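Peer 1: One structure, as C-alpha cells, below. Some questions next.
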Amino acid sequence: MYDFDKVIDRRGTTSIKWNDQKSFGQKDGLLPFWIADTDFASVPEILQAVQKRCEHPIIGYSNPTGKEYEAIQGWWERHYQWKPDTSWMLLSYGVVTGIYFTLNVTVPKGEKVLVFTPVYDPFFAAVKNSGHTLVDCPLDYKDNYYTINFERFEEELKNGVKAVVFCNPHNPIGRVWTEEEMKQLVDLCVKYDVYLLSDEIHADFGLTRPYTTAGRFEEIYPKLVVYTAISKTFNMAGFGSSCMIIPNPELKQQISDSYDACWMFGPSDLAFTAIEAAYTYGDKWVEEQKEYLKGNAEIVTAYIAEHMPKVKVTKHEGTFLMWLDMNCYGLTSGEITTILAKEYGLALGDGSHYGKQAEGFMRFNIGCARETLMKGLLQLEKMYEKYVR
Ligand SMILES: Cc1ncc(COP(=O)(O)O)c(C=O)c1O
C-alpha cells in the first residue's frame, strides 16, 4: 500500500501551487486547492529511474529510445482496451502546446473551433492564439450534472465548425463521458468531417465509471488526435512532457513538421526515462491513487451536504478537481476567491475562468492528503457560516 495520507511539505520548492500565490494577492501562505497538480509523492520507481539516469554525467540533446512508446502502448492496452500503434505517437512538451500546434496545421486561420463549456481555460487561449474563432457550446446543467446538448452541437457543426477540442474526463465539471456519448460525438464529427482533438490527460482519473478513449472509434482516425501525459496521472507536471497519438500518418507528419519548424525541443531526456518507468511500474500506484481520490470526493460531497447544504456539489465521476456551485453566496466567483484568500487562508480556482455560465462556481482540487482536505473544508465552512447562514 502506498501512503497517500502522508502530508508532504512543498513550501519553499518551485511549486506554483504552494509558492506562487500572486494571483490571490498573496506571496504565499494560503492552503492551496487551485492549480491542477496533486500533493502526492510520485511512484518510487520513476524517481529511482530518473536518479539512475543522472548517474551518467551528461544530459545532451536526445531522442526517445522507442521504449517510451512501447510503455505507453502497453498502458493503453492494459487499461483502456486500445492498442495504439507506436508509430502514431509523438512526444511533445505539453498537452496545450500539442493542441496549439495541431490547430495550426489542421484548421485554416479564422475558421471555427468548438469547445464545450465550462472547460479548462487554456483551451480558449489555444484556439484564439492560433488565430481561430472560438465557438462556445455550453453543456446542459441540471440536477448538479452536466451533459452535452447534441442538438446544439450539431447546429454548430452545420454552421461550419472545423475542429472540436474535447476534454475527457472533463475538467472542471468532473464528467467521464460514457461510451454512448463518445459514439454520438464521434458520429457527428465524422458526419460533418470535423477534427476531434481529444485531451485525455485526466484519463487515469475515471473514478466512478470506466473511461472510454476516443481512440476506440476507428471511424474518426483520419481526423483524430488523442493527447495524454504522465503529468496528472503520476504527478509529474514539472517534466513538461506529453504524448500525441495520431493514427493518420499524414496528419502526424504535418504536426511533427510544424513542431520542428519552431525548434521546439522536448520533452527532455529525463522525461523519456520518467515516461518509460511510469507506464511500466505505475499500475498499482495509480489504482490506489484512484481509490484514495474517490474517498476524498465522497468526503467532500458528504461534508458539504451536512455542513454547507446550500452549496451544490457537481456529481463527481472523474479528475481530482471538484466543481462547486456556490451561487448561494450571492457573490461572483472572483469575490468568493478573494474572500477565501484574505479571510480564510484558502486558494481555490475561480470558476468564472472556465466559461460564461460558470459564474458563482469554484474549482476545488482534492488531490491532497485527507488531513489537508479536512483543513480546507473547515475553512470553507467558516466562510459559509458568515456569508450564507
Ligand atoms: C484538461 C487539461 N489539459 C491540459 C492540461 C495541462 O497540460 P500540459 O501542462 O501538458 O499542457 C491540464 C492541466 O490542468 C488539464 O486539466
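The values are calculated or read from the model by the stated rules, or taken from the named source; none is laboratory data. Given the structure is predicted, the values throughout are model-derived calculations rather than measurements. Methodologically, a virtual Cβ is constructed for each residue, glycine included, from the backbone with ideal geometry; neighbour enumeration extends over all protein chains shown. The protein model used for the area step is the full one, side chains on, heavy atoms only, and it has no ligands, DNA or RNA in it. Shrake-Rupley method; radii C 1.70, N 1.55, O 1.52, S 1.80 Å.
Peer 1: Checking Trp76 against (1) part of a loop (DSSP other than H, G, I, E, B); (2) within 18 Å of the chain's Cα centre (by Cα); (3) not aliphatic (A, V, I, L, M), which single condition isn't satisfied?
Peer 2: (1)
Peer 1: Then there's this: Which of the following residues is surrounded by 14 or more Cβ atoms within 10 Å (Cβ to Cβ), outside any loop (DSSP other than H, G, I, E, B), of a type outside the set (Asp, Glu) and over 23 Å from the mean Cα position of the chain (by Cα): Ala71, Ala49? Outline the logic, then answer.
Peer 2: On the way: Ala71 fails: over 23 Å from the mean Cα position of the chain (by Cα).
Matching residue, one of Ala71, Ala49: Ala49.
Peer 1: Now for a different question. Does any residue in region 138-150 that is farther than 22 Å from Thr301 by Cα and in contact (Cβ under 8 Å) with a residue 40 or more places away in the chain come within less than 7 Å, Cβ to Cβ, of a residue that is of a type in the set (S, T, N, Q) and open to solvent by less than 30 Å² (accessible area, probe 1.4 Å) six or more places away or on a different chain, and which pairs are these?
Peer 2: Listed by first residue and then by second, the contacts come to Pro138/Thr117.
Peer 1: Let me ask something else about it. Would you confirm, using the coordinates I've provided, whether Thr38 is open to solvent by less than 30 Å² (accessible area, probe 1.4 Å), of a type in the set (S, T, N, Q) and assigned to a loop (DSSP other than H, G, I, E, B)?
Peer 2: Here the answer is yes, as Thr38 does meet what is asked.
Peer 1: Another question, then. How about region 92-130: which of its residues are without any contact (Cβ under 8 Å) to a residue 40 or more places away in the chain, open to solvent by 30 Å² or more (accessible area, probe 1.4 Å), more than 13 Å from the ligand (Cβ to nearest atom) and at negative phi?
Peer 2: Residues of region 92-130 that are without any contact (Cβ under 8 Å) to a residue 40 or more places away in the chain, as a first pass: 96, 100, 109-110, 122, 124-130.
Then keep just the ones that are open to solvent by 30 Å² or more (accessible area, probe 1.4 Å); that gives 96, 100, 109-110, 122, 124-125, 128-129.
Right, trim to more than 13 Å from the ligand (Cβ to nearest atom) and you get 109-110, 128-129.
Correct list: Lys109, Lys128, Asn129.
Peer 1: Taking the condition of being crowded, with 18+ Cβ neighbours inside 10 Å and outside any strand (DSSP E or B), how many residues in region 137-155 meet it?
Peer 2: Result for region 137-155: 3.
Peer 1: From the list Ala237, Ala229, pick out the single residue that is within 16 Å of the ligand (Cβ to nearest atom), touching a Cys at 6+ places or on another chain (Cβ under 7 Å), closer than 29 Å to Val313 by Cβ and in contact (Cβ under 8 Å) with a residue 40 or more places away in the chain. Can you show your working first?
Peer 2: On the way: Ala237 fails: touching a Cys at 6+ places or on another chain (Cβ under 7 Å).
Going through Ala237, Ala229 in turn, the sole match is Ala229.
Peer 1: I'm trying to understand the selection: among the residues of region 157-181, which are in a helix (DSSP H, G or I) and surrounded by fewer than 20 Cβ atoms within 10 Å (Cβ to Cβ)?
Peer 2: Within region 157-181, Lys158, Glu179, Glu180, Glu181 qualify.
Peer 1: I've got another one for you. One residue is enough: does region 254-264 have a residue meeting the conditions within 12 Å of the ligand (Cβ to nearest atom), within 16 Å of Tyr100 (Cβ to Cβ) and either open to solvent by 20 Å² or more (accessible area, probe 1.4 Å) or not in a helix (DSSP H, G or I) (or both)? Spell out how you get there, then give the answer.
Peer 2: Residues of region 254-264 within 12 Å of the ligand (Cβ to nearest atom): none.
No, region 254-264 contains no residue that is within 12 Å of the ligand (Cβ to nearest atom), within 16 Å of Tyr100 (Cβ to Cβ) and either open to solvent by 20 Å² or more (accessible area, probe 1.4 Å) or not in a helix (DSSP H, G or I) (or both).
Peer 1: Here is a follow-up. Just one of (1) over 30 Å from Asp325 (Cα atoms); (2) open to solvent by less than 60 Å² (accessible area, probe 1.4 Å); (3) more than 16 Å from the ligand (Cβ to nearest atom) trips up Thr280, so point out which.
Peer 2: Evaluating Thr280 over (1) over 30 Å from Asp325 (Cα atoms); (2) open to solvent by less than 60 Å² (accessible area, probe 1.4 Å); (3) more than 16 Å from the ligand (Cβ to nearest atom) leaves (2) as the failure.
Okay, residues lined up against (1) at negative phi; (2) more than 16 Å from the ligand (Cβ to nearest atom); (3) open to solvent by 30 Å² or more (accessible area, probe 1.4 Å):
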{"position": "Met326", "(1), (2), (3)": "yes, yes, no"}
{"position": "Tyr329", "(1), (2), (3)": "yes, yes, no"}
{"position": "Thr332", "(1), (2), (3)": "yes, yes, yes"}
{"position": "Glu335", "(1), (2), (3)": "yes, yes, yes"}
{"position": "Ile339", "(1), (2), (3)": "yes, yes, no"}
{"position": "Ala347", "(1), (2), (3)": "yes, no, no"}
{"position": "Asp350", "(1), (2), (3)": "yes, no, no"}
{"position": "Tyr354", "(1), (2), (3)": "yes, no, no"}
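Peer 1: Continuing with this model, one more query. Would you pick out the residues in region 189-226 that are in a helix (DSSP H, G or I), open to solvent by less than 20 Å² (accessible area, probe 1.4 Å) and more than 16 Å from the ligand (Cβ to nearest atom)?
Peer 2: Cys189, Gly215, Ile220
Peer 1: Quick one: is Leu270 more than 22 Å from Gly66 (Cα to Cα), out of contact with any His (no Cβ under 7 Å at 6 or more places or on another chain) and open to solvent by less than 50 Å² (accessible area, probe 1.4 Å)?
Peer 2: No, not satisfied.
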